[in-house]
Amino acid sequence: MTTRARGRPATETISSLSAHRRPEPLAPQTAPSASWADVLASLEDGVVVVNAGGRVVDLNPAAEQLLGVSAMQTAGMPIEELFRLSPWLGQAVRGTLEAGVGRRRSEGPLFCHGREVPVRAACAPLFDDELGEVRGAVMVLNDLSMQQTLEAATRRADRLSALGAVAQGLAHEIRNPLGGIKGAAQLLRGQLADPDMIRCTDVIVREVERLDGLVEQLRELGTPPRLQLEPLNIHRVLNDVLSLQKQSPAWGRVTLLTAFDPSLPPVRGDRAQLTQVFLNLVKNALEALRGSGELGLSTRLDARFHLRRGSGRAHFIVVSVEDGGPGVPEPDQPHLFTPFFTTKQTGTGLGLAVCHRIVSEHGGAIGYEPRPTGGACFRVTLPASEVDVDG
């Protein structure tokens, strides 16, 4: 069995393992079928092909990206070496080769190049049609990262919705007495001459207003406004947010670093709601920097995942907001998007919860990860629009 030579198309590699019977054309006008190389390259699932001895013959581009190696680097490599850190995958391939039957789909972690990726794996044998012998096997790896992220976002959104329903009922009951307390404090202030007593009434009014604002945030969490969806240039939204924040005293001597991909398609979103999300994230970053350091914003297309819309596909756009501040302690990270959880002395703990709700309503996801060089990084993933932005 020969392995793939430099520059040879994947068609020859696959064909050498499996003698596929070519179907007769249905009619003279039937369009010619795509080559195996085109088929493999178009798959968004990773495909690993091995020979009867369990050595790698070929990888498609999706598998190369998932595993972080090229097909040329792995040619002739034992499957156990390729999946050295994830032995369950190598065992599935060996079991398929020995039994000559496909292995059921199973899920587990794929460890590769210092990262863990949840995958669903399926393996099937390749037969020699004439001899009936197993000549190899093909393993298909489906990256479940985005699926699990969106599922977690949905569960969190459901919990927020339940909390919001409770908050909606409390809002009315709380606001009525708050209005009475504020009005009484204002009337009392007009009757007082003692400066200390006047300051006390001012404190009452200010705290009532703060509590009223908190109730309003809770109400919005439970009854989000109807989204006005349209194709948006995400860079315009981000530049508007940056223009606003540059006028803030919190900007100080902060250095802005941007890495925007100008070729990105528009996103399908509500301009006001997405502005609120990125305004909140940039504000948090500036608070963490305390007037000095680096603030980074970047955009890119995540080609690993897509949404099926009708007969077409829509990819995801990723926006990253990073800062060189102290970051978030590891014990606090799982609670970042939980309502009322905050590490700030003056925070309400609702800002990131509202961000999560807005992004989830857009069919996206938001997550946190620490920066390798120190600091925080929030990533917002949004589905791209099929329609271009006018103008």
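Test of the criteria: in the range 172-211, which GluC sites (Glu not before Pro) are in a DSSP loop and have at most 14 other Cβ atoms within 10 angstrom of their Cβ? Here no GluC sites (Glu not before Pro) fit, given the DSSP loop and packing criteria. Between GLU116 and SER248, residue separation times 0.36 nm minus the direct Cα-Cα distance comes to 43.6 nm.
Note on the range 224-271: the alpha carbon radius of gyration divided by the globular reference 2.2 N^0.38 Å gives 1.42.
Close amide-amide hydrogen proximity is noted between HIS315 and LEU307, ALA384, each under 5 Å apart and 5 or more residues distant or on a separate chain (H modeled in the peptide plane; Pro and chain starts excluded). The smallest convex shape that holds all Cα atoms of the range 169-213, its convex hull, gives 46 Å³ per residue. Here's how it looks for HIS362: its modeled amide H is under 5 Å from none belonging to a residue 5 or more places away or on a different chain. Computed log10 I(q)/I(0) for the range 99-142 at 0.32 Å⁻¹: -1.06, from the Debye equation with unit scatterers placed on every C-alpha and solvent omitted. Nonpolar atom fraction for the range 57-128, defined as the carbon and sulfur part of the 1.4 Å probe accessible area, stands at 52 percent.
Start at zero, step by 5 Å, and the Cα-Cα distances of the range 211-291 spread as 3, 12, 19, 19, 18, 15, 10, 3, 0 percent across the bins.
The values are calculated or read from the model by the stated rules, or taken from the named source; none is laboratory data. This one's a predicted model, so the numbers in the text were calculated from it and none came from an experiment. Positions of Cβ are generated from backbone atoms using ideal geometry, with glycine treated the same way; all protein chains shown enter the neighbour counts. Side chains included, ligands, DNA and RNA excluded: accessible areas come from the protein's heavy atoms. Shrake-Rupley method; radii C 1.70, N 1.55, O 1.52, S 1.80 Å.
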